[in-house]
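Quick one: the structure is below, questions incoming.
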């Protein structure tokens, strides 16, 4: 996420030509889990998957166990030993997809709000030979040679299901497919991964993809600042803008805010540049409503579209909505 138009050479080309790469502020924002119901089930058990040679179930369990927000562990994971003991006592298979009625029964016995089960497909690999050109030289000149190479494509899929043990229904189910490509040529020392090695990497990607959808998480993005006056500034006003940008670059947002507020007052709130820049700092602090108000004030002062302000206006409402949703997930 970036308040810049695709292809940065087209964004405010006049400013870029005069001032080089535009200055930015890095913003941290809380995003809600993609699967909201999953985020609301805080005590989870992960069964052994069927045919799980690359251990996707273990990787999912590890990802969920280590996921923290603001230093606090998000999920409580029921130990695999306790889960397997209950499954064994109930004469239920310890691997594979568990149906909702079974999950409800097991969930009551182990105190889990949700159970994740699954089935891992067979890893596949295919090799293709090809040649690449190389240039070799000596004192007599240069010439081209062909080097034999092999491209290896590996694939792995997993069917994964998360069941609510209290309601007895499926919270989330998906079949995730991952592929990877590796290359080895006769003149390099990098070996091709074995099928097992490749499947381990793909299993980690599947586990990460699935786990990521279940939890609120932080994202980071850059927001471009405005660096040039939009009005005819006095020398003092130019200095206020320049110094505020210097403090922002030094991550002294407290000082930068004071200077930008002085500039806003000095210009009689007629300049959109300090209003927008202050909005960016306000967004970086997590005050999204305050940032929205500042962006709206800046937008009213523009006589023609300003790309950074347009992107901020279009972005801030979604950010507010997602933040509220994420905070609601955390409170449950």
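The values are calculated or read from the model by the stated rules, or taken from the named source; none is laboratory data. Fair warning: this is a prediction, and the values are worked out from it, not measured in the lab. In this analysis, Cβ positions are derived from the backbone assuming ideal geometry, glycine residues included, and neighbour counts consider all displayed protein chains.
Take the conditions within 30 Å of residue 201 (Cβ to Cβ), assigned by TED's automatic domain parsing to the domain that holds residue 187 and not in a strand (DSSP E or B) and apply them to residue 112. Does it pass?
Spelling it out, residue 112 is indeed within 30 Å of residue 201 (Cβ to Cβ), assigned by TED's automatic domain parsing to the domain that holds residue 187 and not in a strand (DSSP E or B).
In this structure, does residue 160 turn out to be under 20 Å from residue 64 (Cα atoms), under 33 Å from the mean Cα position of the chain (by Cα), at pLDDT below 95 and surrounded by 15 or more Cβ atoms within 10 Å (Cβ to Cβ)?
When the stated conditions are applied, residue 160 does not pass them.
Also, I was wondering about something else. Can you say whether residue 211 is over 30 Å from residue 109 (Cβ atoms), in contact (Cβ under 8 Å) with a residue 60 or more places away in the chain, in contact with a helix residue (DSSP H, G or I) (Cβ under 8 Å, 6 or more places away or on another chain) and not in a strand (DSSP E or B), as far as the supplied structure shows?
Criteria not met by residue 211.
Quick grid of which residues meet (1) surrounded by fewer than 17 Cβ atoms within 10 Å (Cβ to Cβ); (2) touching a helix residue (DSSP H, G or I) at 6+ places or on another chain (Cβ under 9 Å); (3) outside any strand (DSSP E or B); (4) at positive phi:
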{"residue": "83", "(1), (2), (3), (4)": "no, yes, yes, no"}
{"residue": "88", "(1), (2), (3), (4)": "yes, no, yes, no"}
{"residue": "98", "(1), (2), (3), (4)": "no, yes, yes, no"}
{"residue": "107", "(1), (2), (3), (4)": "no, no, yes, no"}
{"residue": "117", "(1), (2), (3), (4)": "no, yes, no, no"}
{"residue": "128", "(1), (2), (3), (4)": "yes, no, no, no"}
